[in-house]
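Read-outs: derived from the displayed coordinates by stated rules, not from any lab. Note that this is a predicted model, so its numbers are computed, not measured. Cβ placement follows ideal geometry from the backbone for every residue including glycine, while neighbour counts extend to all protein chains displayed.
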Amino acid sequence: MNRAAVVRISGCVLALGLALAAPLGAQAIKSSFNRTVIPPAGPTPALHVPAWTMTTLPNGARLIVSQRRNLPLVSFSITWIGGADQYEPADRTGLASMVASMLQEGTTHRTGDQLSSDLQLLGTTVNTSISGEDGAMRFMSMKDKLAPTLAILEDMLVNPTFPADALERLRARSLVSLAQSKDRTSVLASRVFPRVIYTTAHPYGRSVTEASLKAITRGDVVALHKAYFTPGHAIITVVGDVDPAAVRATIESALAPWGAGGAMPDFDYPAVPAAKGTTIYLVDKPGAAQSSFAIGLPGPPRSTPDYMALQVLNTILGDQFQSRLNADIRERKGYSYGVGSGFAFGKGPGAFRAGGDIVSAKTDSALIEFMTQLKGVRGPIPITDEELQTAKDLLVQGLPEEFASVSAVNSAITDLYVDGLPQDYYQRFGDQVKAISRADLQRVADRYIDTEHLAIVIVGDRKSIEAPLKALNYGPVVVLDTEGEPIAP
Amino acid sequence: MRVRRLLLGAAVALAAAGATVPRPLPAQAVAVAAKAAAPSTINIPFEHYQLPNGLNVILSLDRATPTVAVDIMYHVGSKNEQLGRTGFAHLFEHVMFTGSGHVPYGLHDKLTEGVGGGNNGSTSNDITTYYEMVPSNYLEDALWLESDRMGWLLQALDTAKYDAQRDIVKNERRQRVDNQPYGRVGEIFSAAIYPKGHPYSWPVIGSMADLSAASIEDVKNFFRVYYAPNNATLTIVGDFDPAQARAWVSKYFGEIPRGKPIVRPGDRPVTLAAAKRLVLEDRVQVPRLFIEWPTVGTKNPDQYALDVLGAILAGPRTARLTKTLVYDRQLAANVSAGQSSNEDVGEFGISVTPRPGHTLGELEAVSDSVLGRMRREGPTATELQRAKAGLELDFVRGLESNLGKVFQLATGQVFYNDPGYYAIDYRRSQAVSAADVKRVANQYLTAGRVVLSVVPMGKKDQASQAAKSVPVTSEGR
């Protein structure tokens, strides 16, 4: 069935119907030309992928430089490959983020207040972060502020003092944020879903807890900083209005005190737990106006040869406004303000996840639609040529947006090295997407959207939604607490 | 997943409309200065003209990326609604995506997102805006799409799709307000600060009851009054051929007739004679204190000093409230403060989250002492310098985005009748003095304010000055 075409045709019929039911016609503005003709698109603009150079500095870090001179701006970053999942002890979740925050708290040359003040006077901030599989220090500056900002970044990187009182303050703040985050059904769904599909034996299944935050010591902070912020697994990227020849010298000299050493981390994750039959996991949020859904299972890593096919498939299923999920559950049924799906491609088995926030009274009805659409792409609702073409057009013609600003170019280039992709990836992207066939989509849907082994996490008002969910008979209904632990029925 | 068709609450109205790029500097012959001053980074070259039907057209070239952003900003928002029909301007925005006379439902998305671009709309108290971001070769399609719903929306109106959109908007309200911790704070302040019937006294999202009451007849009347070319500004920014664009604009929009003159709610400045104290029990685990004062809108130059005051009070760790409450005395987990300017009036607000063991009463008392000192002494030269040092970078960063420039130019036209107003804005921000900041702190942050304590269910005693605080009614008063 060509679903998109059916919608379009019924729209046309309707418009005609109103025009013909005609006293109304008197109100319509007369046009001097036929407005039903869709203007033909002009010739597709040529793809311009930015050029860059990649060299290795004496300290072992790689340096990427790309010039872009239309505005006097520079985007600078140091990206570290590997993150909390590689460097954080299992019982210290939240430590890596804490270390990133602690870099803002003062150096041997500047107090935290002085760091903040000096950066404000340069009109910028240096952002520091460590997430699951990578970390970064980054800033954007006017081109004449690159060198002074870089000097402050170097101070933060090399000379942090990690004051004990700052750790206590950040710990207290994190504990309040954690408590507040549990007031939100969507956050709870994001917390419980990975616990269920990976368990805490896998880094992907862990999240920050009160106990882990309370366990972090200053010694942990110092140790992770020492192990992590080394040049050996770092990529330095500078994009913008710079002289490529001169900027390498600027960076080398600014980062000279950093020293050398460090190596690429291993990404050898434990095996994911054996898949269970499709199960509904219910977390109670009494009185919630909406139920938050997270439906899915572990998926393939970024390196999978199925990556492009999965991108096309997911674009059709849940990653555009007129995706099957959003067109059905939001636009046709009106159950939600927006739903979707995605693959968390990483170094390991990142999850496939579909979901969104659903009005409480339609929790069961919406789950029927989710299941219909997830099963649908596996065969019962065949993917049409038009759906396939639109998804490819969306991906291929959207590529120039990846290069629309200095920070976008920075990410686009850096990501190639973080993900281990070829240098001509963007030049070949269009052809690779265009080569995907309906048979490819069928194959990857069968393999990765395994509707027999889904974890269906729903956070909502148990009193009103539990019985209707049980009545669907999609699988057992297991009630969990906000930490993802089963509670007695 | 992307959030689409978003609604802008009062607090962020200008963030999307004007301030994706920041609030900028002062006056005198600015249009000339902006165009002539080549060395300045504060420059968006543009061309502005009007069609005979009153449609304002702004064109601005940027060849950096082969894409183009098209926006139509209608000068209508929730302030144009009637009591009993709150939320209608925003609901109408959703109706604009259900297809029009010659454009079947779904095609709009296919010709924008489906070709690698995007589209969206947003509604604030003052404006409703619609945009497409597309590869340059789809510019004509974007103009065709926008002109069709400006001229022929009613020819495709369909009860079923209208009802679905109304349900979607109710879900939007649930997601943003009812199911969101502290989500009702915005509408409670609107009702508490403005007198009943004031155009800013109800929330942009509206009430559930009013949304239920809105009929198709309301849609038609609203469309005929407000969705006419003389109430709209069309802005095109990106990589395109200007002569071709002008020809297409004439072809697609030229034959849509001018509408009737529009009666707008006038400026109605607001002051509060005395403090109001409210308490709201919410499904939260951590209480939070909110304080707001009525201030000025985009027409009043004091907004610039109020913006600077906000930056000096909260944000970076050196900001006064942040430093005192979060760093030095460690009473709070976080604090925010700032001015939010709507077209006619605005508000200045503070919110503070306590650390365990500290009360909202303590936070209010310490905040008041910090504010008292600011009123007495004003800011230091360094504080002023820090607050303004980032303006240039923020502005230039904004120049990287077609859509950012669209909003700068379009709001300049809609609110000030000058697409080049961004340069005045920039100069006025840079010109704010320590004396200005001290003066506005004294003039606006007075005893006439609303203090709202949001507390966990059953914990009204956790409110600041609990005995004097009145529980919020269902109307938010």
Computed curve, segment A:362-426, Cα-only Debye sum without solvent term, log₁₀ I(q)/I(0) at 0.14, 0.17, 0.22, 0.23 Å⁻¹, is -0.71, -0.80, -0.89, -0.92
Assuming R0 = 45 Å, what is the FRET efficiency of residue A:467 and residue A:217, from their Cβ-Cβ distance, to the nearest 0.05?
0.40
Compactness relative to 2.2 N^0.38 Å, alpha carbon Rg of the protein assembly as shown
0.93
Give me the net charge for the shell around residue A:378: Cβ to Cβ below 14 angstrom, other residues only, Lys and Arg +1, Asp and Glu -1.
+1
Amide proton proximity set for residue A:281, modelled H, under 5 Å, gap of 5+:
A:456, A:457, A:458, A:478
Give the separation of the Cα centroids, segment B:429-477 to segment A:146-202, in Å.
30 Å
Volume of the Cα convex hull of segment B:68-224, divided per residue and given in Å³:
113 Å³
Taking all pairs of distinct Cα atoms, average 1/r, flip it, and tell me the Kirkwood hydrodynamic radius of segment A:343-468 in Å to one decimal place.
17.8 Å
Using Cα positions and a limit of under 18 Å, work out the aspartates and glutamates in reach of residue A:226, with same-chain residues fewer than 8 apart set aside.
A:85, A:88, A:105, A:133, A:134, A:154, A:155, A:266
Dipole check, chain A, charges on Cβ (K,R +1; D,E -1), about Cα centroid: among A:287, A:61, A:79 the Cα furthest to the positive pole belongs to A:287
Calculated Rg and Dmax of segment A:86-191 using C-alpha coordinates, Å:
15.7, 46
Work out how much length residue A:70 to residue A:417 would gain on full extension: take 0.36 nm times their residue separation and subtract the Cα-Cα distance, in nm to one decimal.
122.4 nm
What the 10 Å binned alpha carbon P(r) of segment B:169-214 shows, as percent of pairs per bin from 0, is 28, 52, 20
Over the Cα atoms of segment B:164-256 the radius of gyration and the largest Cα-Cα distance (Dmax), both in Å, equal 19.1, 51
Built amide H within the under 5 Å cut-off of residue B:342, gap 5+
B:298, B:347
Net charge near residue B:279, counting Lys/Arg +1 and Asp/Glu -1 over other residues with Cβ under 12 Å of its Cβ?
+3
Project the alpha carbons of segment A:227-374 onto their principal axes and report the range along each, largest first, in whole Å.
62, 40, 37
Ratio for segment A:302-350, C-alpha Rg to 2.2 N^0.38 Å, reads 1.31
Between residue B:163 and residue A:48, how many nm apart are label points set 7 Å from Cα along the C-beta direction?
5.2 nm
Do any of A:276/A:470; A:375/A:470; A:30/B:170; B:170/B:276; A:362/B:220; A:392/A:470 go past 28 Å between their Cα atoms, and which?
A:30/B:170; B:170/B:276; A:362/B:220; A:392/A:470
By how many nm would the segment from residue B:460 to residue B:435 lengthen if fully extended, with 0.36 nm per residue of separation less the alpha-carbon distance?
5.0 nm
Roughly what % of Cα-Cα distances in segment B:39-128 sit above 19 Å, to the whole percent?
61 percent
Just from its helices, what would the mean residue ellipticity at 222 nm be for the protein assembly as shown, if runs of 4 or more DSSP H residues each count -39500 (n - 2.57) and the sum is divided by every residue, rounded to the nearest 500 deg cm²/dmol?
-11500 deg cm²/dmol
Just to verify a number: FRET efficiency for residue B:380 and residue B:247, C-beta to C-beta distance, R0 = 41 Å, to 0.05?
0.15
For chain B, what is one quarter of the convex hull surface built on the Cα atoms, given in nm²?
22.2 nm²
Please compute the net charge surrounding residue B:465, taking Lys and Arg as +1 and Asp and Glu as -1 over other residues with Cβ under 15 Å from its Cβ.
+2
Placing +1 at every Lys and Arg Cβ and -1 at every Asp and Glu Cβ, with all other atoms neutral, what dipole size does segment B:126-226 have around its Cα centre, in debye to the nearest 20?
480 debye
What whole number of Å gives the distance from the Cα centroid of segment A:376-425 to the Cα centroid of segment A:218-232?
35 Å
From zero outward in steps of 20 Å, how is the percent of C-alpha pairs of chain A spread across the bins?
20, 47, 29, 4, 0
Given a Förster radius of 45 Å and the C-beta distance between residue B:213 and residue B:330 as r, what FRET efficiency does 1/(1 + (r/R0)^6) yield to the nearest 0.05?
0.35
How large is the dipole of chain B about the Cα centre if only Lys and Arg carry +1 and Asp and Glu carry -1, each at its Cβ, rounded to the nearest 20 debye?
1380 debye
Please compute, for peptide A:174-183, the average count of beta-carbon atoms on other protein chains lying within 10 Å of each residue's beta-carbon.
5
For segment A:145-241, shape from the Cα gyration tensor axes a ≥ b ≥ c, cut at a/c of 1.5 then a/b versus b/c, turns out prolate
Lys/Arg Cβ at +1, Asp/Glu Cβ at -1, dipole of the protein assembly as shown taken about the Cα centre: which of A:42, B:380, A:201 is farthest positive-ward?
B:380
What is the average number of partner chain Cβ atoms found within 10 Å of a Cβ in B:386-394?
5
Test item: Cα-centred dipole of chain A, Lys/Arg +1 and Asp/Glu -1 on Cβ, debye:
1060 debye
Relative compactness, segment B:228-317, computed as alpha-carbon Rg over 2.2 N^0.38 Å:
1.89
Show which lysines lie in cross-link reach of residue B:405 when reach means a straight Cα distance below 20 angstrom and same-chain residues fewer than eight apart are skipped.
B:35
Peptide ranges A:355-366, B:244-255 listed from the most packed, as the mean C-beta count within 10 angstrom indicates
A:355-366, B:244-255
If you average 1/r across every pair of different Cα atoms in segment A:414-489 and take the reciprocal, what Kirkwood value do you get, in Å?
17.1 Å
Alpha carbon centre of segment A:329-368 versus segment B:316-350: separation in Å?
36 Å
